[in-house]
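Enquirer: One structure, pasted below without further comment.
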Amino acid sequence: MGWFSRRSSQDTDNVALAVGRALLSPDDVDQVRFLITTKKVVNAVKLVRERTGLGLVHAKELVDEIRLGRYVPPTTETPVVRRPNTNLAERTRALKAAGELHQATALVVSETGMTEAEAGLFVGALRTDSTEPTD
């Protein structure tokens, strides 16, 4: 074992996890979350291995990321553009209205440092209509 063997192994692990993240669809992630909440982690790992082709160790790491709220889906399909004079809530509300819940959650996670679960609660609490509730 040389000095660089550990680093290249970690780089390989990171690349494998990135590929696995890119191959999981939003429906797959939702299904993995459901399996985790129903205490079927083994089935969640099997699903990730089936959908991504990852090995056991990498699939388990990906499931753990989802379970711990550290998973953020890749943002390749819908770019989030910063428009002048728009705050985070307005941009998140626009994504939610367009049906891009995963992108909205990813935006909140990336800009606030919230966990995925906290960001999901924030996105869920936002109203998509522009009317304010009256007393």
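Each value in this text was obtained by applying a stated rule to the coordinates, not by laboratory testing. Everything numeric in this text was worked out from a predicted model, so none of it was measured. All Cβ positions, even for glycine, are placed from backbone atoms using ideal geometry, and neighbour counts span all protein chains on display.
Enquirer: Tell me, in nm to one decimal, what length is gained between residue 98 and residue 127 on full extension, where the rule is 0.36 nm per residue of separation less the Cα-Cα distance?
Expert: Working: separation 29, 0.36 × 29 = 10.44 nm, distance 1.27 nm.
Full extension of this stretch gives 9.2 nm more.
Enquirer: A further question on this structure: How long is the gain from residue 118 to residue 15 if the chain were fully straight, where each residue apart is worth 0.36 nm and the alpha carbon distance is subtracted? Show your work: numbers first, answer last.
Expert: Working: separation 103, 0.36 × 103 = 37.08 nm, distance 2.69 nm.
Fully extending the segment from residue 118 to residue 15 adds 34.4 nm.
Enquirer: Any idea what the dipole of the range 30-74 comes to, in debye rounded to 20, about its Cα centre with Lys/Arg Cβ at +1 and Asp/Glu Cβ at -1? Intermediate results must be reported in sequence, preceding the final value.
Expert: Values: 9 positive and 5 negative charges, 32 e Å.
That gives a dipole near 160 debye.
Enquirer: What's the extension gain from residue 68 to residue 37 if we count 0.36 nm per residue and subtract their Cα-Cα distance?
Expert: Details: separation 31, 0.36 × 31 = 11.16 nm, distance 1.16 nm.
Working it through step by step, the gained length comes to 10.0 nm.
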